[in-house]
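Novice: My questions all concern the structure below.
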Amino acid sequence: MSKRTTRAKMRRQIAAATLALTSLLTGESHAASSEWIRAEGGAIRLVALQPEPDGSIPAILEIKLEPGWKTYWREPGASGIPPQITLDRGGDAVLEAMRFPAPKSFGDGADRYAGYDAPVAFPLQLKRRGDRKDVRIRASVFLGVCESICIPVQGTLELTVKSGEFDDPLDGARIEKALTMLPEPPSKDFRLDGARFDASAGLIRFGLRLPAEAGSGDPDLFLAGPSGFYFGQPIIAGSSGNIRHVEVPVKRFGKNRDLAGKAITLTVRAGGRSMEATLAIN
């Protein structure tokens with residue numbers, strides 16, 4: 001087991017232990033969390049902590065799911081609803097990015113989609129703006145939850161992080177746990193080895209170096225890119241030791257069909273680990 005994997009597991013264990021311990025504590029709570037938006041199959045809310053000295057605000061979009069229900073990843077597939085969040089321009093924070101833990105794959109062929117079948121939290125990169133003491137956050141949220149059919153869930157989440165109050169340790173543990181569930185960056189034993197686009201075949205081709213924990217099994221692969229491009233189910237075209245040779249079908253729509261310089265994110269699950277890298281196509 002690598003040191004990177006051990007540290008990640010330790011962080012997850014500490015976050016889980018903190019979550020369990022603080023749930024047993026009593027006393028005054030200063031939670032900065034919105035009310036739940038509830039729908040059949042699940043519920044969503046926003047949780048945030050006090051701003052950091054650099055103005056960043058630790059936060060998550062938290063999703064509860066009932067047993068048997070699922071929600072979608074950022075690039076869910078042909079018919080899914082990706083989670084979307086927009087902050088009110090009149091509020092005291094801006095959204096710089098929403099981050100995602102590695103999803104699972106469900107279905108086959110045209111019905112294949114990427115998502116989650118258990119409660120999940122998406123870390124948010126928020127930045128404070130203005131000079132008000134209290135930070136008011138108002139966000140419009142739209143996502144889908146599904147069982148046999150998909151149900152859109154939408155609404156407005158509001159909270160205020162009050163200046164001078166202590167963060168609720170339970171909220172801090174939730175946010176820390178969400179961060180530990182994110183994919184790790186590329187490393188020596190788990191990384192992407194080159195990428196090129198074969199326009200005539202409509203395929204992205206690249207090599208993928210897997211960690212020893214993956215054994216001889218094939219990884220789960222997920223791609224997310226710019227609008228106007230659809231990525232089909234990745235194919236393992238060959239292997240050599242811990243290297244997998246991958247081909248991904250690409251369909252291009254609209255006027256701009258050139259993939260060069262486009263931001264394409266690859267997320268991989270293998271051997272109990274997950275990794276995220278950017279495909280650099282020249």
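The values are calculated or read from the model by the stated rules, or taken from the named source; none is laboratory data. Fair warning: this is a prediction, and the values are worked out from it, not measured in the lab. Cβ sites come from the backbone with ideal geometry, for glycine too, and all protein chains shown count toward neighbours. When the accessible area is computed, the model is the full protein with side chains, heavy atoms only, and any ligands, DNA or RNA have been set aside. Shrake-Rupley method; radii C 1.70, N 1.55, O 1.52, S 1.80 Å.
Novice: Using the structure shown, list the pairs from LYS70/LYS188; LYS127/LYS262; LYS127/LYS162; LYS70/LYS162; LYS64/LYS177 with a Cα-Cα distance above 24 Å, or answer none.
Specialist: LYS70/LYS188; LYS127/LYS262; LYS70/LYS162
Novice: Ok, one more. Could you give the size of the charge dipole of the chain about its Cα centre, using +1 on the Cβ of each K and R and -1 on the Cβ of each D and E, expressed in debye and rounded to the nearest 20?
Specialist: The dipole magnitude comes to about 780 debye.
Novice: For region 46-205, just the Cα set please: Rg and Dmax, both in angstrom.
Specialist: Using the Cα atoms of region 46-205, the pair Rg, Dmax is 18.3, 60 Å.
Novice: Sort region 154-282 into rounded, prolate or oblate with this rule: let a ≥ b ≥ c be the square roots of the eigenvalues of the Cα gyration tensor; rounded if a/c is under 1.5, and if a/c is not under 1.5, prolate when a/b is larger than b/c, oblate otherwise.
Specialist: Oblate shape, in that a/c is at least 1.5 and b/c is the bigger or equal ratio.
Novice: Contact order normalised by length for the chain, with contacts defined as Cα pairs under 8 Å and 6 or more residues apart; what percent is it?
Specialist: Relative contact order here is 17 percent.
Novice: If you don't mind, there's one more thing I want to ask. Counting only Cα atoms, I'd like the Rg/Rh figure for region 206-282, Kirkwood definition for Rh.
Specialist: The Rg/Rh ratio comes out at 1.00.
Novice: Determine the calculated [θ] at 222 nm for the chain from helices alone, applying -39500 (n - 2.57) to every DSSP H run no shorter than 4 residues and normalising by the residue count; nearest 500 deg cm²/dmol.
Specialist: Calculated mean residue ellipticity at 222 nm is -4000 deg cm²/dmol.
Novice: Hey, another quick one. Average the reciprocal distances over every distinct pair of alpha-carbons in the chain, invert the result, and give the Kirkwood radius in Å.
Specialist: One over the average 1/r among Cα pairs gives 20.4 Å for the chain.
Novice: Shifting gears a bit: Take SER200 and SER56, extend 7 Å from each Cα along the Cα→Cβ direction, and tell me the distance between the two endpoints in nm.
Specialist: Distance between label points: 4.6 nm.
Novice: Leaving ligands, DNA and RNA out of it, report the carbon-plus-sulfur percent of the accessible area of the chain at a 1.4 Å probe.
Specialist: Within the chain, the accessible surface is 49 percent carbon and sulfur.
Novice: Please calculate how many Å² of accessible area the chain carries per residue, with a 1.4 Å probe and no DNA, RNA or ligand atoms counted.
Specialist: It amounts to 52 Å² per residue over the chain.
Novice: Roughly speaking, what is the centre-to-centre gap between region 196-229 and region 67-126 when only Cα atoms are used, to the nearest Å?
Specialist: Taking the Cα centre of region 67-126 as reference, the centre of region 196-229 is 20 Å away.
Novice: Mind pulling the angle between the C-alpha long axis of helix 3-22 and the longest principal axis of the chain? Nearest 10 degrees, somewhere in 0 to 90.
Specialist: Taking Cα atoms only, the helix is inclined about 30 degrees.
Novice: Right, next: Take the alpha carbon atoms of region 26-93, find their radius of gyration, then divide it by 2.2 N^0.38 Å using N residues; give the quotient.
Specialist: 1.38
Novice: Now for a different question. So what's the angle, to the nearest 10 degrees on a 0 to 90 scale, between helix 169-180 and the longest Cα principal axis of the chain?
Specialist: On a 0 to 90 degree scale, this one is about 10.
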